[in-house]
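The block underneath contains the structure these notes are about, expressed in C-alpha cells.
The values are calculated or read from the model by the stated rules, or taken from the named source; none is laboratory data. None of the values given here were measured: they were computed from a predicted structure. Protein only, heavy atoms only, side chains kept; ligands, DNA and RNA dropped before computing areas. Shrake-Rupley method; radii C 1.70, N 1.55, O 1.52, S 1.80 Å.
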Amino acid sequence: MVYNFPKEVVMKKVILLSALLSTLSFAQQKFACIDANRILQESETAQKAQSELREKVQFYQKSLDEKAKKLEELKKQIESKSINQKAKEEKIKEYQKTELEAFELQQKAQKELAEMKAKLEEDLTKKVKDIAQDLSKKNGFTGVLDCSVFVYNAPEIDITTEVIKRLDRK
C-alpha cells in the first residue's frame, strides 16, 4: 500500500523533523564564555602590553613637543624686528627643515604605534585563544564565545578568571 501525501505536508514534516534534530544537537553542546574587557582590565599581561604602548606614545609626544617648541622659538626669531635679512633667511631654512623633521617624526610615530598596537593585540589574542582551546579540550566545551554575545549566561560558564590566571602565568 502506497500513501500519496501532498508535497506540502511532506515538506512541513521534513522541516519540523530537522528543526527538532538541530535543537537536540544544540542542547547537547557545551559552551563557555570569556569577558574580553575583564581580561584587558585585570590581566597583568594585558596591562603590561598597554603600558608598553603608553610609554611609546609618551616618547613620541615628548619628541614632537620639543619640535613644536623649537618651531615656536624660530618663528619668534624670524618675526623679530631686530634680525637682519641674512640671519632671517637662515632661520627660515632652519624652520622649514625642523618643520619637515616634525612631519616625518609624526608619520613615523603613527606608523610605528599602529604596528605596535596591532602586534600587541595579535599576541594577546593568540594567547587567549590558545588558553581557551586548552580549557575547551580539558572541559569538553564545544566552543568559547565572548560573554557579551549572551543575553544571559550562567556564572559557571564564564571562564574569564581561569583565562586571566593562565595568561599571567605564561
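For segment 119-138 and segment 63-98, what is the separation of their Cα centres, given in Å?
52
Summarise the accessible area of segment 96-154 (1.4 Å probe, protein heavy atoms) by the percent that is carbon and sulfur.
On segment 96-154, the fraction of accessible area on carbon and sulfur atoms equals 55 percent.
Can you give me the % of accessible surface on segment 49-92 that is carbon or sulfur? Probe 1.4 Å, all protein chains present, nothing else counted.
Answer for segment 49-92 is 49 percent, counting heavy atoms of protein chains only.
Taking a probe of 1.4 Å, how large is the accessible area per residue of segment 74-170, in Å²?
74
What shape does segment 126-170 take by its C-alpha gyration tensor, where a ≥ b ≥ c are the square roots of the eigenvalues and a/c under 1.5 counts as rounded, a/b above b/c as prolate, and the rest as oblate?
It is prolate, given that a/c is not under 1.5 and a/b is the larger ratio.
Among LYS62/LYS93; LYS111/LYS137; LYS56/LYS86; LYS69/LYS119; LYS138/LYS165; LYS56/LYS138, which pairs are too far apart, with a Cα-Cα distance over 28 Å?
From LYS62/LYS93; LYS111/LYS137; LYS56/LYS86; LYS69/LYS119; LYS138/LYS165; LYS56/LYS138, over 28 Å: LYS111/LYS137; LYS56/LYS86; LYS69/LYS119; LYS56/LYS138.
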